[in-house]
């Protein structure tokens, strides 16, 4: 007791003095706990269910079945024999064949080599446990009661596997060459796309922040266009541009667009804005004093670039690379449309779950997809430890000086990339307006008559807008508050690391896996949150969670660039944290917050994979309609709906720009 | 258009005539029926039974089946109306279907009704495997239209055929299971080995090969008759070919989900789904329907499609699906190296 009382007066050797106002800390911790709980419920728990799904294996338990065979009169029964005893004697089923899937079937007649369906012999079968299940024809039978069949019916008796926990699914996965090959393909595609995208994105962001090239605002707008369309759309555009009837088919010199070429081009297209925005944020806050120092030290341009510019943006580049890599490896829309026979992990999930209803194997592939995320997380943490705040309270904003040659190169490159982006979009617009490509090129609006096609029609379009607005509002609130708690709270290190880890996970979770995990988790009558299943609320939660990572990183990057001295000054002035938060942090980070809101909005408009399992009658979505229409081969209407999403997002962007201009004039004058 | 006006009128009438207060039952109905047909089906049924309201949840066959299976422990659907019989058979083996004998089920063609009594599912219509052949592209390449499955293995078609991947598409599986039932394992696999040499892509959807053939992305699409007729109406230069050996097929069917809170209304819907009136309604898009003597010829399709249908054993297909797909993936997925 005495020690406790005296403790505060003891000098704490080797440890930073804690700022006071412990009430603040408690509030912060409380808030963090709330948002942490959100992430656990919206991500951790469903993923855990998914993980347990990947470990639930199916195996024929031969000890659980017993047979009895009659003589030819059908009334005098022979001895009771267990299936495993028969198998030991006959060896008809190998141990390998006993490993099965949830839909496994094993014909009971296998154990009776002299079985003939014309014989008058009767057969009896029963389980030795209440769970032992078998099918007589398609009828499910269970339990320990004897069931009597004539041989004609017994021919149709198949045993069902029993479920247990184990690693058999993973063994099966790695021993199937067709499946395991996808790992190599996916990693290769993601790596190539990452290198290309990051190089292009860095060059563009550099041009926009460090040169005096003209039309910067316009390029910034054009470069974010791909984020405004579903990832299926570049696939559709590439089919029209380079497919067998494509406009520029000859450019590929005989190579097919269906496959790796299409995947890389499409991936670069749809991931470019993600990388570009992160690197741009990292590059846009530069301290002019560093450049002045470099100039006065007579450092060459190249040396300045490698010692000032790149290290300053290092954190952004690594984050961007991580984002692009996982986006490519987890996207299924693009490889599904353009991937041809080139198998990718995310498409494998689709094949397993949608094509074969093999949830367990789908879960296995999902778990394998989580590996790169965990690796990326480790790398990200290491990099972050070395990151120092660039924007100290004394920083001087950097203003680039004109340099004709450099400016022209930057301008030319930006034009080239813009042409690529606009060309893809224009192709989709043309496709959406043409009657029957390539045989009847008259213009028509019939492709916009969505009510006559799969997907949910114009009502779906309205739902998408509603979802996007709710996601933007709710999401930016949760994400920014969460990022603030991670970045600007002292102590509680373990909790913060765990929180950060949870926040990084969604990037690596393919939407399809998240959606499925949600069904298993929320559609369980025992779950108190069961009532949100099938509502707009679950779509909002799922979408916020699915896109949490990039929003979180954007918020973190902005927060990291604020010197921790702000916090120290505030607490030495005895200001509560919420005053600092609302008076300094939020206004300084307002561009980032607005970016988060618009990022969530456009992604909610374009997301497909996560929500495809979760929508209900009243909550069909436009993006899912694109998928369904393309799936059905109605490519032109799919392009048309994709363009509707695009125009909506453009309108949202314009509104965003107007709001931003008004607010930023008030809050960012200091920059 | 006129019919549509009539429905609108009927809708308006029932809205302004609240004198008869119905205790309206809402039915959640899962379906994979083409979107264009949904409103028509709903309106026609609700006209016959104004006290029941249908809430559709529609998706493609694969997604719908996965959704139903995922919801196994807490089903959200009351009725499934318009899902592949193979999928319903899968649900049945999971004990998810309520067996029920609709009133006039005896009138239906036997092959459209579950073999058990009472049946767990009853059929509506069938879709039949067919080839879509692009005449314009075929002429450019100097090809002749195939007339049989066997023709597809000819070397001149190399790289010009697309077919659905049986591992991700129900239509793809009905093709494979059709070949195996017609020819037996050995011949079917040797056929597929040769066919694989000519395939340029395996798609994930059953109607897509036909649309690809229609758009000239491929010359021959292995698909089924419905998207063929649709693409042809839209202006695609294709011929719809039924191979001479016969075609695999799949039934679209109806079933009640066990444990539904609205069992009476569900039974009413299933009763109605087998009526002559309902079958006439299905016939607008499907050339083969479950009620004998109802089907009229559908534009762009021959009138004798029913005779092309093989004797499909759904139970055999369901029991052997896992093994067939495993073998298929071993043979052809592993080989599908990047071509470039």
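What the table shows:
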read-out	value
Tally of residues being part of a helix (DSSP H, G or I) and either under 20 Å from residue A:458 (Cβ atoms) or facing chain A (nearest Cβ under 10 Å) (or both) across region B:21-64	13
Selection status of residue A:570, in contact with a helix residue (DSSP H, G or I) (Cβ under 6 Å, 6 or more places away or on another chain) and closer than 24 Å to residue A:540 by Cβ	no
Qualifying positions in region A:133-153 - away from chain B (no Cβ under 14 Å) and buried (at least 19 other Cβ atoms within 10 Å of the Cβ)	A:151
Of residues in region B:73-92 being within 10 Å of another protein chain (Cβ to nearest Cβ) and over 21 Å from residue A:351 (Cβ atoms), the one nearest to the chain's Cα centre (by Cα)	B:88
Tally of residues being away from chain A (no Cβ under 14 Å), surrounded by 14 or more Cβ atoms within 10 Å (Cβ to Cβ), outside any loop (DSSP other than H, G, I, E, B) and out of contact with any strand residue (DSSP E or B) (no Cβ under 6 Å at 6 or more places or on another chain) across region B:106-151	4
Unmet criterion (only one of (1) in contact with a helix residue (DSSP H, G or I) (Cβ under 6 Å, 6 or more places away or on another chain); (2) in the same structural domain as residue A:371 (by TED's automatic domain parsing)) for residue A:185	(1)
The listed residue being within 29 Å of residue B:66 (Cα to Cα) and assigned by TED's automatic domain parsing to the domain that holds residue B:105, out of B:254, B:203	B:254
Among the candidates A:526, A:537, A:570, residue that is over 24 Å from the mean Cα position of the chain (by Cα) and closer than 29 Å to residue B:75 by Cα	A:526
Any hit, region A:543-562, residues being buried (at least 16 other Cβ atoms within 10 Å of the Cβ), modelled with pLDDT under 85, out of contact with any strand residue (DSSP E or B) (no Cβ under 8 Å at 6 or more places or on another chain) and within 14 Å of another protein chain (Cβ to nearest Cβ)	no
Of residues in region B:240-259 being closer than 9 Å to residue B:98 by Cα and more than 17 Å from the chain's Cα centre (by Cα), the one modelled with the lowest pLDDT	B:259
Residue A:519 being without any contact (Cβ under 8 Å) to a residue 40 or more places away in the chain and within 14 Å of chain B (Cβ to nearest Cβ)	no
Per-region count, region A:123-133, residues out of contact with any helix residue (DSSP H, G or I) (no Cβ under 7 Å at 6 or more places or on another chain) and at pLDDT below 90	3
Number of the exception - residue A:52 against (1) surrounded by 13 or more Cβ atoms within 10 Å (Cβ to Cβ); (2) closer than 23 Å to residue A:368 by Cα	(1)
Condition met for residue A:361 (closer than 19 Å to residue A:266 by Cβ and either at pLDDT 80 or above or not assigned by TED's automatic domain parsing to the domain that holds residue A:234 (or both))	no
Matching residues, region A:483-509, being within 14 Å of residue A:544 (Cα to Cα) and either in a loop (DSSP other than H, G, I, E, B) or without any contact (Cβ under 8 Å) to a residue 12 or more places away in the chain (or both)	A:509
Looking only at region B:193-219, and only at residues there that are more than 23 Å from residue B:84 (Cα to Cα) and touching a helix residue (DSSP H, G or I) at 6+ places or on another chain (Cβ under 6 Å), the one that is farthest from the other protein chains (Cβ to nearest Cβ)	B:194
Scope region B:296-315; condition in contact with a strand residue (DSSP E or B) (Cβ under 7 Å, 6 or more places away or on another chain) and closer than 27 Å to residue B:91 by Cβ; matching residues	B:306, B:309, B:310, B:312
Members of region A:282-320 found to be surrounded by fewer than 23 Cβ atoms within 10 Å (Cβ to Cβ) and closer than 30 Å to residue A:369 by Cβ, listed by number	A:314, A:317, A:318
Total residues in region A:632-665, condition part of a helix (DSSP H, G or I) and free of Cβ contacts under 8 Å to residues at least 60 places away in the same chain	9
Some residue of region A:342-351 being under 12 Å from the mean Cα position of the chain (by Cα) and in the same structural domain as residue A:186 (by TED's automatic domain parsing)	yes
Residue under evaluation residue B:255, criteria (1) within 14 Å of chain A (Cβ to nearest Cβ); (2) assigned to a helix (DSSP H, G or I); (3) crowded, with 21+ Cβ neighbours inside 10 Å; (4) touching a strand residue (DSSP E or B) at 6+ places or on another chain (Cβ under 8 Å), criterion not met	(2)
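The values are calculated or read from the model by the stated rules, or taken from the named source; none is laboratory data. These numbers were taken from a predicted model, which means no experiment stands behind them. For neighbour counting, all protein chains shown are included, and Cβ atoms are generated from backbone atoms with ideal geometry for every residue, glycine included.
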